[in-house]
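These notes concern the structure reproduced below.
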Amino acid sequence: MSKVTTLNEFILEGQAAHSFATGELTRILNDIAVASKIVSRDVRRAGLVDHILGAQGNTNVQGEEQQKLDVVADEQFIKAFEYGGEVCGIASEENDDFVAFQSETSKNGKYVVLFDPLDGSSNIDVNVSIGTIFSIYKRVSTIGEEATFEDMIQMGNQQVAAGYVLYGSSTMLVYTTGDGVNGFTLDPSIGEFCLSHPNMKMPVKGRLYAMNEGNINICEEGLRDYIAYCQSSENDYQAPYSGRYIGSLVADFHRNMIKGGIYIYPETTTAPEGRLRLLYECNPLAFIAEQAGGLATTGRKRIMDIQPQQLHERVPFYIGSKNMVEKAMSCIAAKN
Ligand code: AFP
């Protein structure tokens with residue numbers, strides 16, 4: 001049996017290997033791991049608490065106020081970052097504005113974190129996998145002062161780390177610091193994330209496409225052409241691809257990381273900017289995809305080259321195997 005490498009060991013080995021890797025980033029990644037274990041426990045208890053332990057209305061059997069799981073997850077990650085001491089501020093899907101931490105220790109933090117604490121949360125009630133997505137930047141504001149809006153709206157190509165946690169049949173943490181992508185599976189018996197998917201590479205091609213095809217008549221013609229290509233026998237596999245759409249971005253993305261595939265959430269007549277958020281959904285997954293040999297674009301432009309203007313801005317999202325994203329882009333270009 002090969003040696004088990006825990007996330008903590010892996011991060012410290014990585015820190016030793018890269019002189020630039022400071023203990024600060026190591027601390028943040030560990031804080032994320034601890035918060036993820038707590039959220040994983042809560043996600044796996046959700047069915048019990050809601051249906052079996054007799055949660056009544058907004059309070060549970062202990063008389064505690066019942067909070068939505070994504071709010072609970074959001075508070076868990078914010079607490080981890082605020083008390084970890086390396087992060088000066090955060091932006092999250094669950095908070096309208098960014099949060100600049102007020103302690104002197106936090107003001108001296110050199111990083112900001114943008115995250116979606118529990119993406120796919122509409123799937124909790126039907127027991128479908130959900131995920132956390134995070135993106136880490138060096139602050140651009142003055143150390144010692146409060147974090148600023150400019151810290152939060154940096155381009156994706158400035159990320160120093162990014163990752164996701166998938167609360168699926170097992171709980172996995174997958175991240176990059178710009179030197180490849182590595183995946184860790186939580187072993188509940190020892191409470192540790194263990195290296196299970198070293199040096200992850202997204203297959204350059206695949207035959208799985210993930211899109212809400214209910215939007216097929218309200219998206220652009222070039223995308224309809226691409227979906228028709230996927231469904232035809234004249235594509236690169238000479239046989240129709242398979243549609244796989246879970247309705248949970250992290251789950252769809254992770255499957256494509258392993259098997260190859262493309263995930264598309266396009267602009268539509270009802271969502272002209274698409275649905276997914278640039279800062280804490282698209283940029284972090286784009287960083288991971290590119291580090292694993294994949295691509296992430298709006299259908300026209302590289303995701304990580306977009307200058308954000310707002311915290312919660314949305315972008316059309318085409319992400320996955322390189323050949324598949326390129327083919328989708330060529331179909332779109334052919335009709336423009
Ligand atoms: P929720 O977090 O509101 O469940 O949204 C999930 C999501 O952002 C992404 O994870 C899914 O791929 C996508 O939305 C599903 O959107 P549609 O229901 O419009 O297909």
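The values are calculated or read from the model by the stated rules, or taken from the named source; none is laboratory data. Since we're looking at a predicted model, the values are computed, not measured. Using ideal geometry, Cβ is built from the backbone for each residue, glycine included, and neighbour counts are taken over all protein chains shown. With ligands, DNA and RNA removed, areas are computed over all heavy atoms of the protein, side chains included. Shrake-Rupley method; radii C 1.70, N 1.55, O 1.52, S 1.80 Å.
The table that follows gives values for the structure above.
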quantity: Positive minus negative residues near residue 105 (Lys, Arg vs Asp, Glu; Cβ under 10 Å); calculated: -2
quantity: Estimated 222 nm signal from helices in the chain, with DSSP H stretches of n ≥ 4 weighted -39500 (n - 2.57), rounded to 500; calculated: -9500 deg cm²/dmol
quantity: Sequence of 254, 312 when ordered by accessible area, the most exposed leading, probe 1.4 angstrom; calculated: 312, 254
quantity: Helix axis angle, 322-333 relative to the chain longest principal axis, alpha carbon, degrees; calculated: 60 degrees
quantity: Between segment 65-138 and segment 248-266, the alpha-carbon center distance in angstrom; calculated: 23 Å
quantity: Tail fraction, Cα-Cα pairs, segment 7-197, threshold 32 Å, whole percent; calculated: 16 percent
quantity: The chain - charge dipole about Cα centre, Lys and Arg +1 at Cβ, Asp and Glu -1, debye rounded to 20; calculated: 1180 debye
quantity: FRET efficiency, residue 270 to residue 95 (Cβ-Cβ, R0 41 Å, nearest 0.05); calculated: 0.95
quantity: Eligible lysines near residue 110 by straight Cα distance, threshold 23 Å, same-chain separation 8 or greater; calculated: 79, 138
quantity: Straight-distance crosslink candidates among lysines, where the alpha carbon sits under 30 Å from residue 205 and sequence neighbours closer than 8 are dropped; calculated: 259, 301, 322, 327, 335
quantity: Amide proton proximity set for residue 118, modelled H, under 5 Å, gap of 5+; calculated: none
quantity: ³J(HN,Hα) computed for each position of segment 176-186 - Karplus, 6.51 cos²θ - 1.76 cosθ + 1.60, integer Hz, glycine/proline x; calculated: 9, 10, x, 10, x, 10, 10, x, 10, 10, 6
quantity: Net charge, residue 242 excluded, C-beta distance under 12 Å - Lys, Arg +1, Asp, Glu -1; calculated: +4
quantity: Residue 108 long-range amide H proximity, modeled H, under 5 Å; calculated: 144
quantity: Counted charge near residue 143, where neighbours are those whose Cβ lies closer than 13 Å (Asp, Glu -1; Lys, Arg +1); calculated: -2
quantity: Cleavage-rule hits, GluC sites (Glu not before Pro), segment 203-292, DSSP coil, Cβ neighbours within 10 Å at most 16; calculated: 234, 273
quantity: Fraction in percent of alpha-carbon pairs per bin - 10 Å, the chain; calculated: 6, 25, 33, 24, 10, 1, 0
